[in-house]
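Take a look at the structure set out below.
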Amino acid sequence: MADGTVEKANPAEPAAAPTAWRSHGTARRSTHTLRLRVSAALVAVTVLAVLLVPPLVQLDQQAVDLAAKLEPPGWVHPFGTDDVGRDLLLRCVYGLRVSLLVGVVAALTATVIGTAVGATAGALGGWADRAVMRLVDTLASVPHLLLGVFIVAMFRPGVWPVVVSVGLTHWLSTARIVRAEVLSLRSRPHIDAAVSGGASRWRVTVRHLLPGVLPQAGLAAVLMVPHAMWHESALSFLGLGLPAHTASLGTLIQSARGSLLAGQWWPTLFPGLFLIIPTLALAGLAGVWRERISPRRRSELML
């Protein structure tokens, strides 16, 4: 102890923890950036495919060629052909186009309904809030697919009945998220200042509460797009969504069941990939968005 060796042995140890945190944070940020770039690239490729392939490729996706039915993937048909000789790559692009249209429109419809209901319940409070949330709980107790089948069965098969079905059955989670965010915002000092200054409930809701919940509502809409696509595919697979001659990912998978049992795997694999890959890409973008709007996640990324 007299020569001072003890005093020089310990000071280097505490510096190891910040170094480890900084390296961990760098790894997290690099993974975060990679996921963002990959997800954005996949979404961009998906959008460009559904927008550019149909007008650029001058082929009829309904053209039947029985001489080329169930051909495996090759140079002429990269994804092979289906049971009546139609090019499977072109059919998958058209199917993704329809499924993505249904998913986007249905997600926007459900988000608007859920945001309006949740913001109204949170802003009014009291018995109105309790009544609205009991209605939400009652509807949430019914399975989405069962309720969607009931709604679609009242109309002729088509795109818009599926949009109505998905939109009317998927706004419940958005309403809960928006209501919780409104209740959190109501306790903020600037809301109290606006109320004390004489602002009406309508003005407070429109000027302060709704802008505060838009990031959460937008995130819910992005997450709902792949969910709506899967819901449409499930209805079409059951024969209750789009007509059998309309190319959607659900109808393509449904029509390929017989080919799969016979050993032809490509009519089922590629429509399934066209459904799974956009789902993962949108989920990746939504995860990045959630990390940006959540202060807790942002603080974790800095460790």
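The values are calculated or read from the model by the stated rules, or taken from the named source; none is laboratory data. Computed from a prediction, not measured in an experiment: that's the story for all the values here. Counting neighbours? That spans all protein chains shown, and the Cβs are built from the backbone with ideal geometry, glycine included. We work out accessible area using only protein heavy atoms, side chains counted, and drop any ligands, DNA or RNA first. Shrake-Rupley method; radii C 1.70, N 1.55, O 1.52, S 1.80 Å.
What is the Cα centroid distance between segment 54-128 and segment 206-233, reported in whole angstrom? Segment 54-128 and segment 206-233 have Cα centres spaced 20 Å from each other. For semi-axes √(5λ) of the Cα gyration tensor in Å, several values are listed as (1) 45, 33, 15; (2) 68, 20, 15; (3) 46, 22, 17; flag the one computed from this structure. Calculated semi-axes √(5λ) of the Cα gyration tensor in Å: the matching label is (1). Taking amide H atoms as placed 1.01 Å from N in the peptide plane, the amide H of Ala199 has no partner under 5 Å among residues 5 or more positions away or on other chains. For segment 260-265, putting each phi into the Karplus relation 6.51 cos²θ - 1.76 cosθ + 1.60 with θ = phi - 60° gives couplings of 5, 5, 8, x, 8, 8 Hz, in residue order, rounded to whole numbers and with x for Gly and Pro. Among Leu135, Leu235, Leu185, the residue with the largest mean-square fluctuation in a Gaussian network model of the chain, with springs joining Cα atoms closer than 10 Å, is Leu135.
Just checking the listed ones, Gly198, Gly287, Gly122: in the Gaussian network model of the chain with Cα springs under 10 Å, the one fluctuating most is Gly198.
Solvent-accessible surface (1.4 Å probe) assigned to Met154 amounts to roughly 120 Å². Where only DSSP H runs of four or more residues are counted, the chain gives -24000 deg cm²/dmol as its mean residue ellipticity at 222 nm, each run worth -39500 (n - 2.57).
If you plug the beta carbon distance of Leu214 and Val288 into 1/(1 + (r/R0)^6) with R0 = 25 Å, you get a FRET efficiency near 0.90.
Radius of gyration (Cα atoms) of segment 116-188, expressed as a multiple of 2.2 N^0.38 Å: 1.30.
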